[in-house]
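Colleague: One structure follows; several queries about it will come next.
The values are calculated or read from the model by the stated rules, or taken from the named source; none is laboratory data. Being a predicted model, the structure only gives us computed values, none of them experimental. FYI the Cβ positions are ideal-geometry reconstructions off the backbone, even for glycines, and counts take in every protein chain you see. Protein only, heavy atoms only, side chains kept; ligands, DNA and RNA dropped before computing areas. Shrake-Rupley method; radii C 1.70, N 1.55, O 1.52, S 1.80 Å.
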Amino acid sequence: MRHSRYYEFFCPVKLLVGEAAIEQLPAAMAALGAERPLLVTDKGLRATGLAERVFDILGAGALVPLAIEDDVPPDSSTDVVQRIAARYLRLGCDSLIALGGGSVIDTAKAVNILVSMDEHQDNLLAWSGADLLTRPLRPLAVLPTTAGTGSEVTQVAVIRDEQSGRKVPFTSPFLLPNLAVLDPRLTLSLPLGITAATAMDAMTHAIEALMGNSANPVSEALALMAVEKIAHALPPILDNPTDASLRLELAQGSTLAGMAFSNSMVGLVHALGHSLGARCHLPHGLCMNLFLPWVLDYNRPGIDPALDRLLLALSGSEVYAKCPAEQRPAAAIKAIEALRDRLWERVKLPRTLREAGLTDRSLLSEIRDLAINDGALLFNRKDADRDELLALLERCW
C-alpha cells in the first residue's frame, strides 16, 4: 500500500466495552466532573424500556440524571437541537448522554455546541463547517444502539437546517465524545433488517478507509480488524439475533471502522450513497450495501494490493491460502457479493437500484449530478468524471 510521507491519527475517546459496560458509565462520567446529565434518546428506544433502564443505572451510580429527552426524530434538525439545548440549560444540566443511533448521537453533539459555547447560543449554523469550535465542550457519553455509523468515535455531526432543508455538517476534534459504551444489551433488540444495513455501513467505512488516498498504517490496521469482526459476526447473527457475543463483535467492528474512516476518510461509495439517499430518501446503510462491490471493481487495478489483504479479513486464512495470488482481488469482491446475496435472501437488503424500488432511470443523471460535487470523491483512489459516474450508476441499475 502507498502512504503519504506524513499523516495524523487522533481518537481520544475512552471505550467502555463488554456485557457490563453500562454499569461502568456513572463512575466514568463522574471522573470527568459530570454530575447532572441529560439523557438524549428517541421515542422508539423509550418505548422498549431501554432508556429507563439506562436512566436507572445512572441514578444508582455516582450521577443524578435530571431528565430523559426522547423527542429526537430520525432526521434531526436545527429546531430540535435548539429546543433540547434550551431544556438542558433550563434544568441546569452539566453533561450529555446520547442513547441511540446516528441521529440521536449527532443531535447530542450539536446540543453540546450550543450549551458549551457562550456565543451564538441561538444560532447553531454559526458553528457549521470545519474547526470553528475553539475549546473543549461539556462531557458527552455515547451509547450507540446500532452497529454501523461509528459516530461514537467521529468528529462530525450532520444536522438538517429547518429553513433550507439542506444537511449541514459540523466538524471539529472537540465534537468527539469523551466516552463510548459498547454493550451488547444496547443492540439486542435491533431488527435484523436494520442490523444488516448498519453492519454494511460499517463494512463500507472500513473498506473505503483501507482503499482511499489518505489511508495510513494505523487506519489500515483498524479497518482490517473491523472487516474481520463484521464478516465473522454478521452471517451467524441472522440465525442467532440475540447472541450477545455476536452483537458485541458487530459493535466493536463498527467502532473500529469509525476510528479508521474518521482519520482516513471515505470515497466513491459514499459519494454515490450520499447522493442516492438525498434524492430518493433511502437509508444510508442500504445505499452503502448497494454500491460497494461495483465501486471496488471500478477502482481496480489500483486497489488490488488492498483487495488482496481484504480477502484474508473477509474469508479467513484457509480460503486465502487456497486462492491463487492473482485471483485474490477478484475473490475479495466475490466474497462481498456473496454476503450481499445472503442478506438479500434473508432480509431483502437491496443489491441493485431496482431492488431498492427505483423505477425511473432518469433519476440516475440527478444522482450523478449530486455525486460529482460530493467531497468524498477527493479521497477515492481513482478519479471519476460525470460520464464515468453515470456509467457506474447504470451498472448498478
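Colleague: Filter region 310-334 down to residues that are surrounded by fewer than 18 Cβ atoms within 10 Å (Cβ to Cβ) and closer than 19 Å to GLY285 by Cα, then give me how many there are.
Modeller: Total satisfying the criteria: 0.
Colleague: Does PRO139 satisfy the condition of being surrounded by fewer than 24 Cβ atoms within 10 Å (Cβ to Cβ), out of contact with any Pro (no Cβ under 6 Å at 6 or more places or on another chain) and modelled with pLDDT of 95 or more?
Modeller: Against the criterion (surrounded by fewer than 24 Cβ atoms within 10 Å (Cβ to Cβ), out of contact with any Pro (no Cβ under 6 Å at 6 or more places or on another chain) and modelled with pLDDT of 95 or more), PRO139 qualifies.
Colleague: Looking for something open to solvent by 10 Å² or more (accessible area, probe 1.4 Å), in a loop (DSSP other than H, G, I, E, B), under 13 Å from ILE97 (Cβ atoms) and β-branched (Val, Ile, Thr) - is there at least one such residue anywhere in region 49-66?
Modeller: Checked against the condition, which is being open to solvent by 10 Å² or more (accessible area, probe 1.4 Å), in a loop (DSSP other than H, G, I, E, B), under 13 Å from ILE97 (Cβ atoms) and β-branched (Val, Ile, Thr), region 49-66 yields at least one hit.
Colleague: Looking only at helices (runs of 4 or more DSSP H) that fall completely inside region 326-397, which ones have 1 or more residues that are within 21 Å of the chain's Cα centre (by Cα) and at negative phi?
Modeller: The qualifying helices (runs of 4 or more DSSP H) are 328-347, 363-371.
Colleague: For region 294-309, which residues satisfy the criterion of being out of contact with any Leu (no Cβ under 8 Å at 6 or more places or on another chain) and outside any loop (DSSP other than H, G, I, E, B)?
Modeller: Answer for region 294-309, where residues must be out of contact with any Leu (no Cβ under 8 Å at 6 or more places or on another chain) and outside any loop (DSSP other than H, G, I, E, B): ASP297, ASP304, PRO305, ASP308.
Colleague: Among residues belonging to region 221-243 that are open to solvent by less than 10 Å² (accessible area, probe 1.4 Å) and assigned to a helix (DSSP H, G or I), point out the one that is farthest from ALA197 (Cα to Cα).
Modeller: Of everything passing the filter in region 221-243, ALA223 is farthest from ALA197 (Cα to Cα).
Colleague: Here's another thing I want to ask about it. Please indicate, with yes or no, whether at least one residue in region 11-18 is surrounded by 15 or more Cβ atoms within 10 Å (Cβ to Cβ), among the β-branched types (Val, Ile, Thr) and assigned to a helix (DSSP H, G or I).
Modeller: No; the residues of region 11-18 include none that is surrounded by 15 or more Cβ atoms within 10 Å (Cβ to Cβ), among the β-branched types (Val, Ile, Thr) and assigned to a helix (DSSP H, G or I).
Colleague: Can I ask one more? What's the total number of residues in region 159-183 that are open to solvent by 10 Å² or more (accessible area, probe 1.4 Å) and either charged (D, E, K, R) or in contact with an Asp or Glu (Cβ under 6 Å, 6 or more places away or on another chain) (or both)? Spell out the reasoning first.
Modeller: Residues of region 159-183 that are open to solvent by 10 Å² or more (accessible area, probe 1.4 Å), as a first pass: 160-167, 169, 171, 173-174, 176, 178.
Still in the list and also either charged (D, E, K, R) or in contact with an Asp or Glu (Cβ under 6 Å, 6 or more places away or on another chain) (or both): 160-162, 166-167.
Residues in region 159-183 being open to solvent by 10 Å² or more (accessible area, probe 1.4 Å) and either charged (D, E, K, R) or in contact with an Asp or Glu (Cβ under 6 Å, 6 or more places away or on another chain) (or both): 5 in total.
Colleague: From the list THR204, THR198, which residue is β-branched (Val, Ile, Thr), open to solvent by 10 Å² or more (accessible area, probe 1.4 Å) and within 20 Å of LEU339 (Cα to Cα)?
Modeller: Going through THR204, THR198 in turn, the sole match is THR198.
Colleague: Just the residues that are hydroxyl-bearing (Ser, Thr, Tyr), part of a loop (DSSP other than H, G, I, E, B) and closer than 19 Å to PRO12 by Cβ, please, taken from region 150-187.
Modeller: If we filter region 150-187 for residues that are hydroxyl-bearing (Ser, Thr, Tyr), which is where we start, we get 151, 154, 164, 171-172, 187.
Cutting the leftovers down to part of a loop (DSSP other than H, G, I, E, B) gives us 154, 164, 172, 187.
Correct list: THR154, SER172.
Colleague: While we're here: Those residues that are out of contact with any Ser or Thr (no Cβ under 6 Å at 6 or more places or on another chain) and either open to solvent by less than 20 Å² (accessible area, probe 1.4 Å) or charged (D, E, K, R) (or both), I need them from region 19-39; list them, please.
Modeller: GLU19, ALA21, ILE22, GLU23, LEU25, PRO26, ALA28, MET29, GLU35, ARG36, LEU38, LEU39
Colleague: Tell me, which residue of region 68-88 that is part of a strand (DSSP E or B) and at pLDDT 95 or above is farthest from the chain's Cα centre (by Cα)?
Modeller: ILE68
Colleague: Of all residues in region 145-164, how many are farther than 13 Å from GLY101 by Cα and of a type in the set (Ser, Thr, Tyr)?
Modeller: Residues meeting the conditions: 2.
Colleague: Could you grab the pairs with beta carbons closer than 8 Å, sequence gap of 6+ or different chains, first residue in region 164-193 and of a type in the set (D, E, K, R), second one part of a loop (DSSP other than H, G, I, E, B) and at pLDDT 95 or above?
Modeller: From residues that are of a type in the set (D, E, K, R), the pairs are ASP183/GLY18; ASP183/ALA21.
Colleague: In region 272-285, which residues are in contact with a Pro (Cβ under 9 Å, 6 or more places away or on another chain) and open to solvent by 20 Å² or more (accessible area, probe 1.4 Å)?
Modeller: Kept after step one, since they are in contact with a Pro (Cβ under 9 Å, 6 or more places away or on another chain), are these residues of region 272-285: 277, 282.
Passing the criteria: only LEU282.
Colleague: A follow-up question, please. LEU286: over 21 Å from LEU222 (Cβ atoms), among the aliphatic types (A, V, I, L, M), modelled with pLDDT under 95 and out of contact with any strand residue (DSSP E or B) (no Cβ under 9 Å at 6 or more places or on another chain), yes or no?
Modeller: no
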